[in-house]
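Undergrad: I'd like to ask you about the structure that follows.
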Amino acid sequence: MTDTNRNILYFALMAVLIVGTGMTQGWNVALTLLNMGVISAILAIGVNLQWGFAGLFNIGVMGFVALGGLGAVLVSMPPTEGAWSAGGFRIVGALILGAATIVAAVIAQRRMAKGRARTLATLAILIVGFFVFRAVFDPGVEAVEAINPAGTGYLGGMNLPVLIAWPVGGLLAAGAAWVIGKTALGLRSDYLAIATLGIAEIVIAVLKNEDWLSRGVKNVIGIPRPVPYEIDLQQDPGFVDRATGLGLDPVTASTIYVKFAYLILFVIVLLIVLWLAQRALNSPWGRMMRAIRDNETAAEAMGKDVKGRHLQIFILGSAICGVAGAMMTTLDSQLTPTSYQPLRFTFLVWVMVIVGGSGNNFGAVLGGLLIWWLWVMVEPIGLGLMELITAGMPDGSALKDHLIASAAQMRLLTMGLILLLVLRFSPRGLIPEK
């Protein structure tokens, strides 16, 4: 079997899994799985750019995903009435002062001669700047968070169409990646992984604790959607007549319609990202990145700016993760900082890339779709399997209760088993790099 035919077969089997889910568990479940699978595929492409193209070991994926989600809030939510006049401008002014303090410290480090005077000057700038920053920042935060804390208590957004938030989420992630890359990309791969993980945790901590920005653990709900609301469709006589004519319940039809509309938007974004990634892979720039990945010393000897190219691809991959994060927040219609867990947004995405095929964009797409389907479906399948195994055991049996209760852990077991099988029989992934 040729590589092309084998790859087509993989995607055909993935389609069979989705269709089978729709026929056995309902099309609402199938479309929900497919929507998150497409977003996961976009995430996997972003990580594949960094690891598969350049060998950058980034395990701070969830930080960039969270910044994309924050972008959806800042762009699409309406501004909180009275928040800017109460303390919003003070907060912005304080942030500018904080940035100016850092810039002044950097200038002092660069322009003054080494010695005690430079050290003392830098410390003085940072200490004085910190206290000035807090003196301006804290009253502004208190004023903003005091405005209807149960319902708002934050600045809000710009009330723009939510689709604009997707590229903005990518820009936020790209900006953070530039800052991280300028400081961390000189580190060896294992130290880079530690640095990116730590910075991602800092981003999540900020979202959890800075209520004025994202409402913290109180969450931002009601984020506008780019598709109709189900209740509006159910109250539309024309839609109800069409659904009834197809033999569908209007409530079920409205949820399927909304999920399918989301799917169209997500697939468009996936195709654009995949097309751009393929163009990059097959370009001279892509060949240069793979040469740097395979032997940095040789590439640097040929005059390539290794650190500069690493920074480029780190920013590009992070921007794609940010776009996926904004899409995910739009799909959920809420920002929940506590949901950004490493198990979901880092480990799982890396499994997608490894299983699909590191260095191959189509492999990343296949891995994203397959691993997300397994992540969701393994638990109910495992529960059914445990019930079948324990069918002959008497009710109340301690072993039976234990096995059924353990079905929820089948996810982790399955992910580990899949990794072992793929690394044993297809170590380069299901669709390996050519």
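Undergrad: Using modelled backbone amide H atoms (1.01 Å from N, in-plane), which distant-in-sequence or interchain residues come within less than 5 Å of Gly156's amide H?
TA: The answer is Thr80.
Undergrad: Let me ask you something else. In whole angstrom, note down how far apart the Cα centers of the stretch 93-138 and the stretch 241-263 are.
TA: 59
Undergrad: Also: Net charge within 12 Å of Ile223 by Cβ-Cβ distance, Lys/Arg positive one each and Asp/Glu negative one each, not counting Ile223 itself?
TA: +1
Undergrad: Under a 5 Å amide H to amide H cut-off, with H placed in plane at 1.01 Å, what residues pair with Ile59 once short-range neighbours are removed?
TA: Excluding prolines and chain starts, which carry no amide H, the hits are Thr196, Leu197.
Undergrad: Separate question: So what's the gap between the Cα centers of the stretch 216-238 and the stretch 363-408, to the nearest angstrom?
TA: 33
Undergrad: Choose one answer from Arg293, Arg110, Arg188: the residue with the largest mean-square fluctuation in a GNM of the chain with alpha-carbon springs under 10 Å.
TA: Judging by the Gaussian network model, the answer is Arg110.
Undergrad: Give me a comma-separated list of calculated 3J(HN,Hα) values for the stretch 368-379, in order, Karplus coefficients 6.51, -1.76, 1.60 applied at θ = phi - 60°, integers in Hz, x for any Gly or Pro.
TA: Residue by residue, the stretch 368-379 yields x, 5, 5, 5, 5, 4, 5, 4, 7, 8, 5, 5 Hz.
Undergrad: Please turn the phi angles of the stretch 387-402 into ³J(HN,Hα) values with the Karplus equation 6.51 cos²θ - 1.76 cosθ + 1.60 (θ = phi - 60°), one per residue in order, whole Hz, x for glycine and proline.
TA: Running phi through 6.51 cos²θ - 1.76 cosθ + 1.60 with θ = phi - 60° gives 5, 5, 5, 8, 4, x, 7, x, 4, x, 5, 5, 5, 4, 4, 5 Hz.
Undergrad: Leaving out same-chain residues fewer than 8 places away, which lysines sit with a Cα under 30 Å from that of Lys114?
TA: The reachable lysines, counting only those whose Cα sits under 30 Å from Lys114, are Lys182, Lys307.
Undergrad: Does the chain classify as rounded, prolate or oblate by the C-alpha gyration tensor (a ≥ b ≥ c root eigenvalues; a/c under 1.5 gives rounded; else a/b over b/c gives prolate, otherwise oblate)? Walk me through the numbers before you get to the answer.
TA: Numbers: a/c = 1.82, a/b = 1.27, b/c = 1.43.
Verdict is oblate for the chain.
Undergrad: In the structure displayed, which of Lys218/Lys259; Lys259/Lys400; Lys218/Lys400 lie more than 31 Å apart, Cα to Cα?
TA: Lys259/Lys400; Lys218/Lys400
Undergrad: Please identify, among Gly151, Gly71, Gly247, the residue showing maximal mean-square fluctuation in a Gaussian network model of the chain using a 10 angstrom Cα cutoff.
TA: Gly247
Undergrad: Can you list residues whose amide H is under 5 Å from Val220's amide H, if they're 5+ apart or on another chain and H is modeled 1.01 Å from N?
TA: Under 5 Å from the amide H of Val220 lie the amide H atoms of Leu335, each far enough along the sequence or on another chain.
Undergrad: Return the whole-Å distance between the Cα centroid of the stretch 179-193 and the Cα centroid of the stretch 280-308.
TA: Here the answer is 18 Å between Cα centres.
Throughout, read-outs are computed from the coordinates displayed, never taken from laboratory work. Note that the structure is predicted; figures quoted are calculated from it, not measured. Because the Cβ atoms are built from the backbone with ideal geometry, glycine has one as well, and the counts that use them run over all protein chains shown.
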